[in-house]
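Inspection log for the structure reproduced underneath, given as structure tokens.
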Amino acid sequence: MKMKWLPIAAAVTAALASQAAFAVDFHGYMRSGVGVSDNGDMQTMSQNRVGRLGNESDTYGEVQLGQEVYSKNNQTFYVDSMVAMKAGKQGRDWENANDKTADFALSQFNVQAKNLFGGNETLWAGKRYYQRHDIHITDFYYWNVSGAGAGVENIEVGPGKLSVAVVRNDPWDAIYNTNDPQYRMDSNGHYVLDKDGNKIKIDDRVNTNTFDIRYAGIPLWTDASLEVGYDYAMANLTDEQKRQNSDYKDGHMLTAELTQSMLGGFNKTIAQYFIDGLAAQGVDYGAGSGSSLSQAASSGDGFRLINWGVLPIGDKVEFGHQILYAQANGLDKDTTDKDTFSIVARPMYKWNDVMKTIAEVGYFKDNKEVNGVKSNTDGSKYTLAQAWSAGSGFFARPEIRVFASYVQQDGAFRADSNGVNQDNAWNFGVQAEAWW
């Protein structure tokens, strides 16, 4: 697979560097490290629910190259590209050489043209990370419809800016086991499972066009602004899907985000409402992407409330947090009701400009009711890390961390010598993270 991507990377680099008069923009992100537990390799749990510090065991990287290729009369054209790689197992050299544990993605390839119509707007087309909203400490994207598409953004309308886009998401239905062709499988030949551990059928995911409209930068009171948006995920069913099942429905998502700057930091409060094909997005920690349409969420409705931010406490301490509650009702034929709660706190003490001590505590609880039968699961994580970073701020990177984590969730970790899944585990490791 590495040989497949080398010519693409070389072509992108050559194209962007061919005009010496323009500077090539080089951006990226990476995380990697080494970790062990008291029972083999690291035992991780959902970062979205309990936080990511001391809870990541992969190598992940993004390399982004972009160049302004035209600039005249205050009008510009910009070409952007990004290649990403994720390796779940830490190989010595080429992670995917034998067991295919590395995945590569052409995450972005698009053209952005600014001020063509004289209003400082941006016309764009191609594959793109589109106006993503996320919580860094939990790696949780609560509003993200990225994909291949087109749109116009940052149109000045009244006190705020309007953006409209259509984004296409096609499900990946590769089959590597011809003995069981009705279920989806990944590149390693393993069944793809839903969040309840059930195998996903080939026809349970549908091609989707997502129409996104948002209005941002609405001024409120001092240092406060509002962004609102609506996403319509339209299912593009095949004839076979129409013949076999009539339960597929389009999805809807409404989002309002209030941002308040305070004390040199910020706080965000988000309210989201989901209908039909996107009804389970809130409880499933989804982002509203059209690729999330599935038969399991063909009806019902749900909501999600989030509060998160980063605030300084004096000169030496900064505090990041996430509080989330979501609920969904009437999701499928079994009239499943679900709700989830998550709370994560990450305080940080600055010893000097490059050294800091970080703690992170996270807890979640999921509840589910199917045909009157209730069940629940919960879990927690406690992490202490010593870190060295390029600056003292909360988001200063690059950063190298030495950490110890305790994770707890019923039966969630590797089996012990008696074949019984462990309820808890200790993790120890070193990790580097950077963006530029």
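The amide H of Ala102, built 1.01 Å from its N in the peptide plane, has Asn96 as neighbours under 5 Å, considering only residues 5 or more places off or on other chains. Here the gap between Ala224 and Val69, fully extended at 0.36 nm per residue and compared with their Cα-Cα distance, gives a gain of 52.2 nm. Counted residue by residue at 0.36 nm each, then reduced by the alpha carbon distance between them, the extension gain from Asn421 to Trp435 reaches 1.4 nm.
Here, segment 315-386 yields an orientationally averaged convex hull projection of 5.8 nm² when only Cα atoms define the hull. Packing here is the average count of other Cβ atoms within 10 Å per residue, and on that basis the peptides 215-221, 395-401, 412-418, highest first, run 395-401, 215-221, 412-418. Between Ala256 and Tyr129, the C-beta separation translates, for a Förster distance of 22 Å, into a calculated FRET efficiency of about 0.50. In this structure the amide hydrogen of Val145, modeled in the peptide plane, comes within under 5 Å of the amide hydrogens of Tyr130, none closer than 5 places in sequence on its chain.
Arrange the peptides 55-61, 248-254 so that the one whose residues have, on average, the most other Cβ atoms within 10 Å appears first.
Output ranking for 55-61, 248-254: 248-254, 55-61.
Here the calculated FRET efficiency for Ala359 and Asp239, from their Cβ-Cβ distance with R0 = 56 Å, stands at 0.50, rounded to the nearest 0.05.
Each Cα pair under 8 Å and six or more residues apart adds its separation to the average, and for segment 318-436 the resulting relative contact order is 18 percent. Taking amide H as placed 1.01 Å from N in the peptide plane, the amide H of Ala396 sits under 5 Å from none that are at least 5 places away or on another chain. Converting phi to 3J(HN,Hα) with the Karplus coefficients 6.51, -1.76 and 1.60 and the offset θ = phi - 60°, segment 256-266 yields 9, 10, 9, 10, 10, 7, 7, 6, x, x, 8 Hz in sequence order, with x at every glycine or proline.
In the structure shown, do any of Lys114/Lys268; Lys86/Lys127; Lys86/Lys374 have a Cα-Cα gap over 26 Å, and if so which?
Lys114/Lys268; Lys86/Lys374
Between the alpha-carbon centres of segment 25-58 and segment 344-414 there is a gap of 10 Å. The 3J(HN,Hα) values that the Karplus relation (6.51, -1.76, 1.60; θ = phi - 60°) gives for segment 38-55 are, in residue order, 6, 8, x, 6, 4, 10, 10, 9, 4, 5, 4, 8, 10, x, 9, 5, x, 9 Hz. Gly and Pro appear as x.
Coordinate-derived values only; no laboratory data. The shown structure was predicted, so the numbers you read here are calculated from the model rather than taken from an experiment. Because the Cβ atoms are built from the backbone with ideal geometry, glycine has one as well, and the counts that use them run over all protein chains shown.
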